[in-house]
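Here's the structure we're looking at; comments come further down.
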Amino acid sequence: MPRLLITHTTEYRYRRPVGLLRHRLLVRPHDSHDLRLHDATLNVDPPTSTVRWAHDVFGNSICVLDWPEDRRTETLRIVSQLDLTHYPSGIGAPSTTLDPMAESFPFSYPASEIPDVSRLTERQYPDPAGQVDSWARRFVAGEGPLGTLAVLAAMTQAVRAGFTYRARDAEGTQMPAETLTLGSGTCRDFALLMMEAARSLGLAARFVTGYLYDSTAAEQRGGGATHAWCAIYLPGAGWVEYDPTNGLVAGTNLI
(Lines give C-alpha, C1' and ligand atoms only; values in the text may rest on other atoms or scores of the structure.)
Protein backbone atom coordinates (compact mmCIF):
# COMPACT_ATOMS: atom_id res chain seq x y z
CA MET A 1 0.00 0.00 0.00
CA PRO A 2 1.31 3.52 -0.75
CA ARG A 3 2.26 6.06 1.84
CA LEU A 4 -0.84 8.02 2.82
CA LEU A 5 -1.54 11.53 4.03
CA ILE A 6 -4.84 11.73 5.92
CA THR A 7 -6.38 15.09 6.75
CA HIS A 8 -9.34 14.99 9.13
CA THR A 9 -11.15 18.30 9.63
CA THR A 10 -13.80 18.80 12.30
CA GLU A 11 -15.62 22.12 12.46
CA TYR A 12 -18.31 23.35 14.81
CA ARG A 13 -20.34 26.52 14.24
CA TYR A 14 -22.39 28.07 17.04
CA ARG A 15 -25.35 30.43 16.88
CA ARG A 16 -23.71 32.78 19.35
CA PRO A 17 -20.30 33.07 21.03
CA VAL A 18 -19.69 30.21 23.47
CA GLY A 19 -17.07 29.22 25.98
CA LEU A 20 -15.20 25.98 25.26
CA LEU A 21 -14.90 23.34 27.95
CA ARG A 22 -12.30 20.59 27.94
CA HIS A 23 -12.21 18.45 24.78
CA ARG A 24 -10.90 14.90 24.60
CA LEU A 25 -9.65 13.76 21.18
CA LEU A 26 -8.81 10.33 19.81
CA VAL A 27 -7.07 11.18 16.54
CA ARG A 28 -3.67 9.45 16.70
CA PRO A 29 -3.53 5.78 15.64
CA HIS A 30 -1.50 2.98 17.17
CA ASP A 31 2.00 2.76 15.68
CA SER A 32 2.86 -0.92 15.22
CA HIS A 33 4.29 -3.47 12.79
CA ASP A 34 1.39 -2.97 10.36
CA LEU A 35 1.12 0.82 10.55
CA ARG A 36 4.10 3.16 10.56
CA LEU A 37 3.21 6.66 11.70
CA HIS A 38 5.79 9.06 10.26
CA ASP A 39 4.26 12.29 11.50
CA ALA A 40 1.13 13.59 13.21
CA THR A 41 0.13 17.23 13.50
CA LEU A 42 -2.83 18.87 15.18
CA ASN A 43 -4.01 22.42 14.51
CA VAL A 44 -6.77 23.99 16.60
CA ASP A 45 -8.54 27.32 16.13
CA PRO A 46 -9.13 29.16 18.42
CA PRO A 47 -5.76 28.35 19.98
CA THR A 48 -5.80 26.36 23.22
CA SER A 49 -4.23 27.30 26.51
CA THR A 50 -2.94 23.76 27.09
CA VAL A 51 -2.52 20.57 25.06
CA ARG A 52 -1.80 17.37 26.97
CA TRP A 53 -1.33 13.78 25.79
CA ALA A 54 -1.96 10.62 27.80
CA HIS A 55 -2.69 6.92 27.28
CA ASP A 56 -5.99 5.39 28.30
CA VAL A 57 -6.39 1.91 29.76
CA PHE A 58 -6.32 0.37 26.25
CA GLY A 59 -3.14 2.17 25.21
CA ASN A 60 -4.92 4.69 22.96
CA SER A 61 -3.34 8.13 22.63
CA ILE A 62 -5.69 10.69 24.13
CA CYS A 63 -5.27 14.41 23.48
CA VAL A 64 -6.82 16.76 26.04
CA LEU A 65 -7.47 20.39 25.03
CA ASP A 66 -8.24 23.30 27.36
CA TRP A 67 -9.04 26.93 26.54
CA PRO A 68 -8.90 30.08 28.68
CA GLU A 69 -12.09 30.47 30.72
CA ASP A 70 -12.78 33.91 29.26
CA ARG A 71 -12.37 32.81 25.63
CA ARG A 72 -15.53 33.08 23.50
CA THR A 73 -15.87 31.91 19.93
CA GLU A 74 -18.49 31.25 17.27
CA THR A 75 -16.48 28.47 15.60
CA LEU A 76 -14.16 25.64 16.56
CA ARG A 77 -11.94 24.04 13.94
CA ILE A 78 -9.74 20.99 14.60
CA VAL A 79 -7.48 19.67 11.85
CA SER A 80 -5.61 16.40 12.38
CA GLN A 81 -3.08 15.36 9.74
CA LEU A 82 -1.46 11.92 9.68
CA ASP A 83 1.47 10.87 7.51
CA LEU A 84 1.63 7.07 7.56
CA THR A 85 2.39 3.86 5.72
CA HIS A 86 0.17 0.82 6.11
CA TYR A 87 1.60 -2.70 5.83
CA PRO A 88 -1.51 -4.90 5.72
CA SER A 89 -1.02 -8.61 6.24
CA GLY A 90 -3.59 -9.38 3.55
CA ILE A 91 -6.67 -11.54 3.36
CA GLY A 92 -4.70 -14.80 3.35
CA ALA A 93 -2.81 -14.12 6.57
CA PRO A 94 -5.42 -15.38 9.09
CA SER A 95 -5.49 -18.85 7.51
CA THR A 96 -1.71 -19.20 7.65
CA THR A 97 -1.34 -18.09 11.27
CA LEU A 98 -4.55 -19.45 12.84
CA ASP A 99 -3.93 -21.94 15.62
CA PRO A 100 -5.01 -25.42 14.44
CA MET A 101 -7.26 -25.79 17.48
CA ALA A 102 -9.28 -22.78 16.30
CA GLU A 103 -9.62 -23.79 12.65
CA SER A 104 -12.97 -25.52 13.22
CA PHE A 105 -15.95 -23.96 14.95
CA PRO A 106 -16.79 -24.17 17.79
CA PHE A 107 -13.53 -23.92 19.72
CA SER A 108 -12.49 -22.76 23.18
CA TYR A 109 -9.99 -20.06 23.97
CA PRO A 110 -6.84 -21.27 25.76
CA ALA A 111 -7.04 -20.97 29.54
CA SER A 112 -4.11 -18.54 29.49
CA GLU A 113 -6.06 -16.10 27.28
CA ILE A 114 -9.48 -16.28 28.92
CA PRO A 115 -8.72 -13.61 31.58
CA ASP A 116 -7.91 -11.15 28.79
CA VAL A 117 -10.71 -11.94 26.33
CA SER A 118 -13.58 -13.00 28.58
CA ARG A 119 -15.11 -9.51 28.94
CA LEU A 120 -14.97 -9.09 25.16
CA THR A 121 -17.09 -12.23 24.69
CA GLU A 122 -19.93 -10.80 26.81
CA ARG A 123 -23.04 -9.45 25.10
CA GLN A 124 -23.52 -5.75 25.72
CA TYR A 125 -26.96 -5.05 24.25
CA PRO A 126 -30.42 -6.49 24.98
CA ASP A 127 -31.83 -9.07 22.58
CA PRO A 128 -35.14 -9.99 24.25
CA ALA A 129 -36.63 -11.67 21.18
CA GLY A 130 -33.42 -13.50 20.32
CA GLN A 131 -33.12 -11.79 16.94
CA VAL A 132 -29.34 -11.44 17.04
CA ASP A 133 -28.96 -15.00 18.32
CA SER A 134 -31.14 -16.35 15.51
CA TRP A 135 -29.30 -14.36 12.88
CA ALA A 136 -25.90 -15.53 14.14
CA ARG A 137 -26.97 -19.18 14.28
CA ARG A 138 -27.68 -19.11 10.54
CA PHE A 139 -23.94 -19.18 9.91
CA VAL A 140 -23.23 -22.24 12.07
CA ALA A 141 -26.29 -24.29 11.15
CA GLY A 142 -24.59 -26.60 8.65
CA GLU A 143 -23.82 -30.24 9.38
CA GLY A 144 -20.29 -31.45 9.93
CA PRO A 145 -17.21 -29.37 10.81
CA LEU A 146 -17.39 -25.67 10.09
CA GLY A 147 -14.36 -23.56 9.31
CA THR A 148 -14.06 -20.67 11.74
CA LEU A 149 -12.75 -18.27 9.09
CA ALA A 150 -15.48 -19.34 6.66
CA VAL A 151 -18.18 -18.67 9.29
CA LEU A 152 -16.91 -15.15 9.95
CA ALA A 153 -16.40 -14.37 6.27
CA ALA A 154 -19.95 -15.49 5.53
CA MET A 155 -21.29 -13.27 8.31
CA THR A 156 -19.34 -10.31 6.94
CA GLN A 157 -20.60 -10.87 3.42
CA ALA A 158 -24.19 -11.35 4.61
CA VAL A 159 -24.24 -7.85 6.11
CA ARG A 160 -22.78 -6.37 2.93
CA ALA A 161 -25.32 -8.16 0.74
CA GLY A 162 -28.42 -8.06 2.93
CA PHE A 163 -28.47 -4.60 4.52
CA THR A 164 -28.87 -1.11 3.12
CA TYR A 165 -26.14 1.38 4.01
CA ARG A 166 -27.46 4.75 5.17
CA ALA A 167 -25.08 7.45 6.36
CA ARG A 168 -26.17 9.07 9.63
CA ASP A 169 -24.62 12.06 11.39
CA ALA A 170 -26.55 11.65 14.64
CA GLU A 171 -24.55 10.54 17.66
CA GLY A 172 -24.63 6.93 18.82
CA THR A 173 -25.40 3.53 17.37
CA GLN A 174 -28.56 1.55 16.77
CA MET A 175 -29.29 -1.47 18.90
CA PRO A 176 -28.19 -4.58 16.97
CA ALA A 177 -31.75 -5.94 17.07
CA GLU A 178 -32.97 -2.62 15.65
CA THR A 179 -30.50 -2.91 12.76
CA LEU A 180 -31.89 -6.36 11.99
CA THR A 181 -35.46 -5.07 12.09
CA LEU A 182 -34.73 -2.05 9.90
CA GLY A 183 -32.45 -3.90 7.51
CA SER A 184 -30.34 -0.76 7.28
CA GLY A 185 -27.77 1.25 9.17
CA THR A 186 -24.44 2.97 8.99
CA CYS A 187 -20.98 1.44 9.31
CA ARG A 188 -20.94 1.66 13.11
CA ASP A 189 -24.32 -0.08 13.30
CA PHE A 190 -23.12 -2.94 11.10
CA ALA A 191 -19.90 -3.29 13.12
CA LEU A 192 -21.89 -3.47 16.34
CA LEU A 193 -24.28 -6.05 14.89
CA MET A 194 -21.41 -8.30 13.85
CA MET A 195 -19.71 -7.88 17.23
CA GLU A 196 -22.83 -8.95 19.13
CA ALA A 197 -23.47 -11.81 16.70
CA ALA A 198 -19.88 -13.05 17.14
CA ARG A 199 -20.19 -12.73 20.92
CA SER A 200 -23.39 -14.79 20.84
CA LEU A 201 -21.23 -17.55 19.34
CA GLY A 202 -18.67 -17.22 22.14
CA LEU A 203 -16.11 -15.16 20.22
CA ALA A 204 -14.28 -12.10 21.55
CA ALA A 205 -15.01 -8.96 19.53
CA ARG A 206 -14.06 -5.31 19.72
CA PHE A 207 -14.97 -2.09 17.92
CA VAL A 208 -12.48 -0.37 15.63
CA THR A 209 -12.64 3.08 14.09
CA GLY A 210 -10.40 4.72 11.53
CA TYR A 211 -10.41 5.37 7.81
CA LEU A 212 -11.26 3.40 4.69
CA TYR A 213 -8.67 3.60 1.92
CA ASP A 214 -10.08 3.08 -1.57
CA SER A 215 -8.03 4.18 -4.57
CA THR A 216 -10.97 3.70 -6.95
CA ALA A 217 -13.82 5.00 -4.73
CA ALA A 218 -16.10 2.82 -6.85
CA GLU A 219 -17.53 0.12 -4.64
CA GLN A 220 -16.67 0.94 -1.05
CA ARG A 221 -19.23 2.38 1.34
CA GLY A 222 -18.33 4.67 4.21
CA GLY A 223 -15.24 6.35 2.72
CA GLY A 224 -14.47 10.05 2.90
CA ALA A 225 -15.01 10.24 6.67
CA THR A 226 -14.23 8.17 9.72
CA HIS A 227 -15.19 4.54 9.24
CA ALA A 228 -16.08 1.76 11.69
CA TRP A 229 -15.52 -1.98 11.60
CA CYS A 230 -14.82 -4.75 14.11
CA ALA A 231 -12.08 -7.18 15.03
CA ILE A 232 -12.54 -10.77 16.20
CA TYR A 233 -9.88 -12.46 18.31
CA LEU A 234 -8.73 -15.80 16.91
CA PRO A 235 -5.92 -17.75 18.61
CA GLY A 236 -2.73 -17.60 16.60
CA ALA A 237 -4.08 -15.11 14.08
CA GLY A 238 -4.80 -12.48 16.75
CA TRP A 239 -7.27 -9.68 16.14
CA VAL A 240 -8.60 -10.22 12.63
CA GLU A 241 -10.41 -7.22 11.16
CA TYR A 242 -13.82 -7.55 9.50
CA ASP A 243 -15.62 -4.71 7.74
CA PRO A 244 -19.23 -5.88 7.33
CA THR A 245 -20.19 -2.63 5.60
CA ASN A 246 -18.01 -3.59 2.63
CA GLY A 247 -17.54 -7.31 3.13
CA LEU A 248 -13.80 -6.84 3.72
CA VAL A 249 -11.64 -9.30 5.66
CA ALA A 250 -8.20 -8.76 7.24
CA GLY A 251 -8.04 -5.01 6.93
CA THR A 252 -6.13 -4.47 3.70
CA ASN A 253 -7.93 -1.15 3.11
CA LEU A 254 -8.65 -0.36 6.76
CA ILE A 255 -6.44 2.27 8.41
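The values are calculated or read from the model by the stated rules, or taken from the named source; none is laboratory data. Quantities reported herein were computed from a predicted structural model and do not represent experimental measurements. Using ideal geometry, Cβ is built from the backbone for each residue, glycine included, and neighbour counts are taken over all protein chains shown. All accessible areas refer to the heavy atoms of the entire protein, side chains included, with ligands and DNA or RNA removed. Shrake-Rupley method; radii C 1.70, N 1.55, O 1.52, S 1.80 Å.
Computed values, structure above
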| read-out | value |
| --- | --- |
| Label-point separation in nm, residue 70 to residue 23, each point 7 Å along Cα→Cβ | 2.2 |
| Separation of alpha-carbon centers, the range 87-120 and the range 227-246, rounded to whole Å | 11 |
| FRET efficiency estimate (nearest 0.05) - Cβ-Cβ, residue 143 to residue 58, R0 45 angstrom | 0.70 |
| The range 61-174 - percent of accessible surface contributed by carbon and sulfur, probe 1.4 Å | 50 |
| Excluding exposed DSSP-loop GluC sites (Glu not before Pro) (at most 11 other C-beta within 10 Å), longest clean stretch of the chain | 1-68 |
| Residues residue 77 and residue 134, FRET efficiency given R0 of 41 Å [Cβ-Cβ distance, rounded to 0.05] | 0.35 |
| Per DSSP, loop chymotrypsin sites (Phe, Trp or Tyr not before Pro) in the range 1-110 with at most 11 further Cβ within 10 Å | 58 |
| 12 Å beta-carbon shell around residue 84, net charge (K/R +1, D/E -1) | -1 |
| Relative contact order (percent, whole number), the range 10-77, Cα cutoff 8 Å, 6+ residue spacing | 52 |
| Calculated FRET efficiency for the pair residue 6/residue 45, C-beta based, R₀ 22 Å, to 0.05 | 0.70 |
| Extension gain from residue 160 to residue 116, taking 0.36 nm per residue of separation minus the Cα-Cα distance | 12.8 nm |
| Per-residue [θ]222 nm for the chain (sum of -39500 (n - 2.57) over DSSP H runs n ≥ 4, rounded to 500) | -5500 deg cm²/dmol |
| The chain: relative contact order as a whole-number percent, Cα under 8 Å and 6+ apart | 20 |
| Accessible area per residue, Å², the chain with all protein chains present, probe 1.4 Å | 55 |
